[in-house]
Amino acid sequence: MAFMPLPSSISTRIALGLGVVSALAACVVIVAVRDECRRRTLYEAEAKARIILDHTPSLHGFVPTGPLPAQFKWSDPGLRKFIHPAWLSSSEAFREPDEQSFLFDIKHYYEKHCAINARCPGNEADLHERGFLEQLNADPDLITKSEVVTLDGKPYYSLMSRGLRMEQSCAQCHSIPEKAPAGLVEMYGPQRGFHREQGKIVSAVSIRVELTQAYEAADHFAIRLSIMFLSILAFLFLFQHFLLKGLFLRPLRKLRDKALELAASDEHLGEAIPTASKEEFSELTEAFNRMSASFKARVSERKAAEDALHREQLQLEARVAARTEELSRLNEQLMAEDREKAQIQAALIQERDFVECLVNTAQTIILVLDEQGRIVRFNPYLEKLTGVKLEEVKGQDWFYHFLPLDCRINVRQLFCHALAGGNHMVYANFIRTRDGGMRLIEWCSAEMRNPDGTLLGLLSIGQDITEKKKAEEALKKSEMRLRDLYAQLLKTQEEERRKLSKEVHDSIGSPLAAIKIGLENAVMQHARSSAGGVDSLRALAELAQHSVRECRRIMTDLRPPVLDDYGITVAIRWLCERFEVIYPHIRIEKNIELSEKEIPEFLRIVLFRIVQEALNNAAKHSGANNISVSLKCGEQIELMIRDDGCGFDAAQVMSSKDREAGFGISNMKERTEISGGLFLIETGLECGTAVHARWPY
């Protein structure tokens, strides 16, 4: 019978695999040969360029260091006009010898002594050479530069080297046109080759070797070698294909065909196939024949077993019929129970959907943890807040994934306390979001238990209070800034008062005092001459005296000099004595039990202003007859001003729409708190008033 071909999964894959390996090997060899040919081409171009480069600088460097200085040395200035200008150029002097000094023809090579603004147009540097000249002057260590460049669509090997440096001997011909020899300007013009700076690199040697033909030759050689290599690979591929087909695939086809016959019909069981000539396939054929005989014996046993099974099946069907009638009755009962369960399940599903809707739409965090703190569930609000999906972290540790390291221990202790039967706990902690941010959450947690009392885990309801906390902190910062501004305002006010007091003293007080003294002297000098004039001068003197007193009063109110000159203790006593002079019906008891050194510098003006404001309020509003001023220092600095006046309703005064009513009290309170103290006022109707201010010592 005809053999069926093997599936492409064996023979075709082997052929394709060997073909791909051969093709890859051919490509690698082709690329390697081509690269090696091009590398040798570049090496040859570099060697020739180096020969030209080693020869050229010695010729070009000989003129400015040898003949040119000697020529200027022995030639008379009057005879220099007869020297041809071209003799002074090293490029002109050795242009022809350069082309005849090599064993190989250099006419096909690009060789130029290039410069920027060269006198000879043939030596003018192109853009590529200009860049190298600029690099030479920028980098003193740069000598040569070689690279492969593409110019006008053709590849070239470019080798450039440092040329001539502008020496002192070249300055006469290259500095300015006025110093140049006769005829040089007429030949080259006043611009080309002039205005060179001494010490700068002014020229470079540029050599280029065209690589087009060399690259083409390398490519042709690589193609010929590739064709030969591919031919060898094709021959080897065909040889192994036929060898594999004859020794391996043909015996396998025989085994495969016989196996298909056995699978199609039991009639062929026990039939043998011819034994193959090869040892391995011979063993495989014998094993296949033994397997066929074994299958035939097993089929006979299976048929006997099937007959016995058929008899048992008839008996079983009779028993099944009897059981079927009994099961039908039970089935009716089960169907009634199923209908009842379905109704209960529908109600449970409706209730579950309602709870699910509440959980999914709630704008608070709903979190369920098991006994170990692993995540059981949380609602979409937490997913939206943190950017973490429930599927990503379900069953994982809540404290590890969401809590910062510094608060994990404390929160886990609270978790254990809640599971141990603690009351509903309210606390706040930070949680991490996917982008690394932090959100402050306020939690209310309670344990979850089954109806039988089995602990299920912990239910936590959380509210994001991050923005609320930020608003509170911003409010605190704003209040602190306001206090700082107020403190700065008070400080600035005191400084302005000090400056204004000094300005009044220097600008008004001193001239008024001088006027008063002058008027008194005038009164004494003219006392005998004119009585009327003396009375007029005396009136002017009294007016000047009144002005002086007013100036002193204004200076004292602005900034009492006694505070700066003698300190706070003396200033408070002076203020009380001055107050008793102004209000003679009021008696002040002073009790100052500390030294000047115990009071910080910044606190002195605060104490003075509080005492001053409290005394003024007592005189204006309380109707008091007795006032006590106490200043002590123990564990803290304590100031108290108490009067026996009528008192007032503090709440009514502070809430009054009249801003001036409580301005004095607010001023004292602000000064105390800004300086780090505590302010308290005790008062009531017909109870007098006591002002307390304390500062830590």
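In whole percent, how big is the carbon plus sulfur part of the accessible area of segment 377-440, probe 1.4 Å, protein atoms only?
Solvent-exposed carbon and sulfur of segment 377-440 make up 55 percent of the total.
Mind scanning K469/K669; K48/K112; K590/K632 and naming the pairs with a C-alpha gap bigger than 20 Å?
Violating the 20 Å limit, Cα to Cα: K469/K669.
Express in whole angstrom the spacing between the alpha-carbon centres of segment 182-217 and segment 218-241.
When both Cα centres are located, 50 Å separates them.
Please arrange C357, C173 by accessible surface area, largest first, computed with a 1.4 Å probe and ligands excluded.
Result of the area sort, largest leading: C357, C173.
If you take every residue apart from A32 with its C-beta less than 13 Å away from the C-beta of A32, what net charge results, scoring Lys and Arg +1 and Asp and Glu -1?
Net local charge, A32 excluded: +2.
Exceeding 20 Å between C-alpha atoms, which entries from my cross-link table qualify? They are K394/K470; K254/K303; K145/K200.
Over 20 Å Cα-Cα: K394/K470; K254/K303.
For segment 632-641, take each phi angle, set θ = phi - 60°, evaluate the Karplus expression 6.51 cos²θ - 1.76 cosθ + 1.60, and give the result in whole Hz per residue in order, putting x for glycine and proline.
Rounded to whole hertz, the list is 10, 9, x, 6, 8, 7, 10, 10, 9, 10.
Can you grab the distance from the C-alpha centre of segment 681-697 to the C-alpha centre of segment 341-417, Å, no decimals?
55
Explain nothing, just the number: dipole magnitude of segment 145-228 about its Cα centre with +1 on each Lys and Arg Cβ and -1 on each Asp and Glu Cβ, in debye rounded to the nearest 20.
240
Just add up the charged neighbours of G647: K/R +1, D/E -1, any other residue whose Cβ is under 15 Å from the Cβ of G647.
-3
Please list, in order along segment 333-345, the HN-Hα scalar couplings obtained from phi with the Karplus expression 6.51 cos²θ - 1.76 cosθ + 1.60 (θ = phi - 60°), rounded to whole Hz, x for Gly and Pro.
For segment 333-345, the Karplus curve yields 5, 5, 5, 4, 5, 5, 5, 5, 5, 4, 5, 5, 5 Hz.
The values are calculated or read from the model by the stated rules, or taken from the named source; none is laboratory data. All of these numbers come straight from a predicted model, not from anything done at the bench. So basically every Cβ, Gly included, is an ideal-geometry build from the backbone, and we count neighbours across all protein chains shown. Please note that ligands, DNA and RNA were not included when accessible areas were found on the heavy atoms of the full protein model with its side chains. Shrake-Rupley method; radii C 1.70, N 1.55, O 1.52, S 1.80 Å.
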